[in-house]
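A.B. asks: Quick one: structure below, then a few questions.
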């Protein structure tokens with residue numbers, strides 16, 4: 001039976017009404033995964049999971065080495081498992097196949113073994129081989145790892161995920177045996193503020209922070225409900241209606257990825273970004289780096305070559321709001337504070 005007919009229909013990304021903040025954050029991370037992922041905070045029932053799944057459906061397929069558990073890239077040694085590198089070194093032939101960009105859902109009750117993989121010590125001792133059972137991080141390599149209710153996940157596991165997302169590698173050590181494999185993925189976490197925030201040191205490790213609010217305007221709410229009903233009535237027809245827009249967006253993302261390296265940002269803009277971070281008491285340099293990366297990704301997405309003040313204005317709240325120190329006496333929203341500081345330093349109205 002054809003696989004396609006079994007697949008669960010996915011809501012088209014371009015048909016989603018509103019939630020511009022979240023959509024932009026996701027697109028920019030897909031263009032440049034080094035931004036460091038997105039933390040999405042919002043009320044229940046605001047379509048967080050729907051938007052993430054819709055994004056994956058939009059991404060182009062990837063070439064992988066056939067039967068490799070790590071989705072190894074056949075052309076980039078940085079994204080290859082040791083087995084594939086060994087084969088290439090010995091001039092052995094590797095078979096190439098194409099798959100959809102993987103999206104792995106991390107279940108809330110997942111154990112560290114399930115996430116990172118396990119080493120079969122008995123087999124390693126009796127057969128002298130490194131017997132490794134890959135986990136979810138292996139499956140997520142070169143794709144997206146989605147953690148719903150990330151604020152309810154064990155802090156230690158969040159740490160493991162963030163370490164792998166930042167380094168692009170997963171290392172499992174047990175009884176003196178160590179296994180390392182590529183685990184380069186875009187980490188997307190979502191949560192409901194009512195269930196508590198993440199610890200500041202974990203929150204800071206997410207590249208961007210998007211807030212989703214329940215839509216208040218009645219006409220927009222009606223439109224969202226109608227879109228959903230139309231989709232559920234006839235998913236195939238609904239998807240076909242948006243196919244042209246979906247293809248255009250996919251092409252924009254592919255082009256932006258190609259052009260990313262050629263985007264420039266003037267020194268005085270970088271200096272002003274750092275001034276903003278300094279004035280807002282942002283710890284470390286992650287905020288400065290993410291802001292310039294996100295601005296470049298936006299420029300690439302819009303078919304331009306150079307970052308302007310307006311680009312920085314568009315993305316700076318998403319990059320910095322979660323890095324500000326929490327002040328219980330603060331009367332102003334952290335996002336507004338970031339924009340106020342931006343306007344002052346950039347002399348921008």
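A.B. asks: Before we move on, is residue 266 surrounded by fewer than 13 Cβ atoms within 10 Å (Cβ to Cβ), more than 21 Å from the chain's Cα centre (by Cα) and assigned by TED's automatic domain parsing to the domain that holds residue 307? It would help to see each step written out before you state the result.
C.D. replies: On the way: surrounded by fewer than 13 Cβ atoms within 10 Å (Cβ to Cβ): yes; more than 21 Å from the chain's Cα centre (by Cα): yes; assigned by TED's automatic domain parsing to the domain that holds residue 307: yes.
Here the answer is yes, as residue 266 does meet what is asked.
A.B. asks: Please work out which residue is surrounded by the fewest Cβ atoms within 10 Å (Cβ to Cβ), limiting yourself to segment 226-236 and to residues that are touching a helix residue (DSSP H, G or I) at 6+ places or on another chain (Cβ under 7 Å) and in contact (Cβ under 8 Å) with a residue 12 or more places away in the chain.
C.D. replies: Here the answer is 227.
A.B. asks: Can you find a residue in segment 291-310 that is within 22 Å of residue 204 (Cβ to Cβ) and more than 21 Å from the chain's Cα centre (by Cα)?
C.D. replies: There is no residue in segment 291-310 that is within 22 Å of residue 204 (Cβ to Cβ) and more than 21 Å from the chain's Cα centre (by Cα).
A.B. asks: Would you say residue 78 is out of contact with any helix residue (DSSP H, G or I) (no Cβ under 8 Å at 6 or more places or on another chain), assigned to a helix (DSSP H, G or I) and surrounded by fewer than 22 Cβ atoms within 10 Å (Cβ to Cβ)?
C.D. replies: Considered against the rule, which asks whether it is out of contact with any helix residue (DSSP H, G or I) (no Cβ under 8 Å at 6 or more places or on another chain), assigned to a helix (DSSP H, G or I) and surrounded by fewer than 22 Cβ atoms within 10 Å (Cβ to Cβ), residue 78 comes out as yes.
A.B. asks: List the helices (runs of 4 or more DSSP H) that sit entirely inside segment 125-224 and contain at least 3 residues that are in the same structural domain as residue 36 (by TED's automatic domain parsing) and out of contact with any helix residue (DSSP H, G or I) (no Cβ under 9 Å at 6 or more places or on another chain).
C.D. replies: Details: elements: 136-140, 155-167, 200-203.
It comes to 155-167.
A.B. asks: Filter segment 36-75 down to the residues that are in a helix (DSSP H, G or I) and in contact (Cβ under 8 Å) with a residue 40 or more places away in the chain and list them by number.
C.D. replies: Step one: list which residues in segment 36-75 are in a helix (DSSP H, G or I), which gives 48-58.
Across segment 36-75, the qualifying residues are 48, 49, 52, 53, 54, 55, 56, 57, 58.
A.B. asks: Still on this structure: Looking at residue 304 and the list (1) in a loop (DSSP other than H, G, I, E, B); (2) modelled with pLDDT under 90, which single condition is not satisfied?
C.D. replies: The single condition residue 304 does not satisfy is (2).
Let's see how each residue does on (1) over 20 Å from the mean Cα position of the chain (by Cα); (2) within 29 Å of residue 317 (Cα to Cα):
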site	(1), (2)
39	no, yes
50	no, yes
66	yes, no
103	no, yes
118	yes, no
136	no, no
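A.B. asks: While we're here: Go through 223, 239 for me and flag whichever is closer than 29 Å to residue 50 by Cβ, buried (at least 16 other Cβ atoms within 10 Å of the Cβ) and modelled with pLDDT under 95.
C.D. replies: 239
A.B. asks: Of the conditions (1) touching a strand residue (DSSP E or B) at 6+ places or on another chain (Cβ under 7 Å); (2) not assigned by TED's automatic domain parsing to the domain that holds residue 50, residue 246 clears all except one; give me its number.
C.D. replies: (1)
The values are calculated or read from the model by the stated rules, or taken from the named source; none is laboratory data. Since this is a predicted model, take the numbers as computed values, not measurements. We place every Cβ from the backbone using ideal geometry, glycine too, and count neighbours over all the protein chains shown.
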